[in-house]
Amino acid sequence: MKQIKKNTIKTDIIIVIVLVLAAAAVILVRSAHKKQDSKALSAAQNGTAMTPADYNGRKIGILTGSAFEKLTEEHFPDSEYSYYNNVSDMAEALGKGKIDGYLGDEPVARMMSAELSEIGYFKKPIANDDYCFGFQKNSERADTLREQFNEMLAELWSDGTMDEIQEKWFGSDESVK
């Protein structure tokens, strides 16, 4: 019993440390963006309509081990690449002018742009990617679950629920989040 209690306390301490480190990372990213220097380039800052092609030849961040590496090399072949372990590090590098941009998922870009006005993103995707959910192969139960899941997603899109969810989480009304 004492061993279980010790393990639980250790787990709780580790969770608290992780939460404190995550909060510190958010604070660092936000402060870096507030101190953003003139080298950091975004369409929102300079008032011009930039295109993805305008970023070829610039410093581009890449999330290490991600599918974005291949896309970055395809769309920005003349660029200088810097590798980062997480999106927070890339956002901080962008804020400090170490990179001029990076490829990322639209939901993350939308949230970051909503929270940090100096960061913009291209509304038209450079490439389309699909998200998926895994279900066990050759399982009657999995086939049923997959069908139900796909039906539910189709219904959420058709009845406007997905649009409501997006507006809630990506909209400007913080009181509903």
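Based on this model, can you work out whether E106 counts as within 21 Å of G65 (Cβ to Cβ) and surrounded by fewer than 18 Cβ atoms within 10 Å (Cβ to Cβ)?
On the way: within 21 Å of G65 (Cβ to Cβ): yes; surrounded by fewer than 18 Cβ atoms within 10 Å (Cβ to Cβ): yes.
Criteria met by E106.
Out of curiosity, is D78 more than 17 Å from the chain's Cα centre (by Cα), loosely packed, with under 13 Cβ neighbours inside 10 Å and assigned to a loop (DSSP other than H, G, I, E, B)?
On the way: more than 17 Å from the chain's Cα centre (by Cα): yes; loosely packed, with under 13 Cβ neighbours inside 10 Å: yes; assigned to a loop (DSSP other than H, G, I, E, B): yes.
The answer is yes for D78.
Going by what's in this entry, would D37 be described as modelled with pLDDT of 90 or more, in a loop (DSSP other than H, G, I, E, B) and of a type in the set (D, E, K, R)?
On the way: modelled with pLDDT of 90 or more: no; in a loop (DSSP other than H, G, I, E, B): yes; of a type in the set (D, E, K, R): yes.
Taking the combined requirement at face value, the residue does not satisfy it.
Could you say which residue among S172, S117 is touching a residue at least 40 places away in the same chain (Cβ under 8 Å), of a type in the set (S, T, Y), exposed (fewer than 10 other Cβ atoms within 10 Å of the Cβ) and not in a helix (DSSP H, G or I)? Talk me through it step by step, then tell me what you get.
Details: S117 fails: exposed (fewer than 10 other Cβ atoms within 10 Å of the Cβ).
Among S172, S117, only S172 is touching a residue at least 40 places away in the same chain (Cβ under 8 Å), of a type in the set (S, T, Y), exposed (fewer than 10 other Cβ atoms within 10 Å of the Cβ) and not in a helix (DSSP H, G or I).
Tally up the residues in region 120-150 that are without any contact (Cβ under 8 Å) to a residue 60 or more places away in the chain, within 25 Å of A67 (Cβ to Cβ) and of a type in the set (D, E), please.
1
All but one of (1) over 16 Å from the mean Cα position of the chain (by Cα); (2) farther than 30 Å from K168 by Cα; (3) at pLDDT 90 or above; (4) open to solvent by less than 40 Å² (accessible area, probe 1.4 Å) hold for A142, so report the exception by its number.
That leaves (3) as the condition not met.
Output the residues belonging to region 145-164 that are open to solvent by 80 Å² or more (accessible area, probe 1.4 Å) and among the aliphatic types (A, V, I, L, M). Walk me through how you get there before you give the answer.
First, the residues of region 145-164 that are open to solvent by 80 Å² or more (accessible area, probe 1.4 Å): 146-148, 150-152, 155, 157-159, 163-164.
Across region 145-164, the qualifying residue is only M152.
Those residues that are within 22 Å of S172 (Cα to Cα) and open to solvent by 40 Å² or more (accessible area, probe 1.4 Å), I need them from region 88-103; list them, please.
Within region 88-103, just S88 meets the criteria.
The values are calculated or read from the model by the stated rules, or taken from the named source; none is laboratory data. If you're wondering where the values come from, they're calculated on a predicted model, not measured in any experiment. Quick reminder, even Gly has a Cβ in these numbers, built from the backbone with ideal geometry, and neighbours come from all protein chains shown. SASA here: full protein model, heavy atoms, side chains in, ligands and nucleic acids out. Shrake-Rupley method; radii C 1.70, N 1.55, O 1.52, S 1.80 Å.
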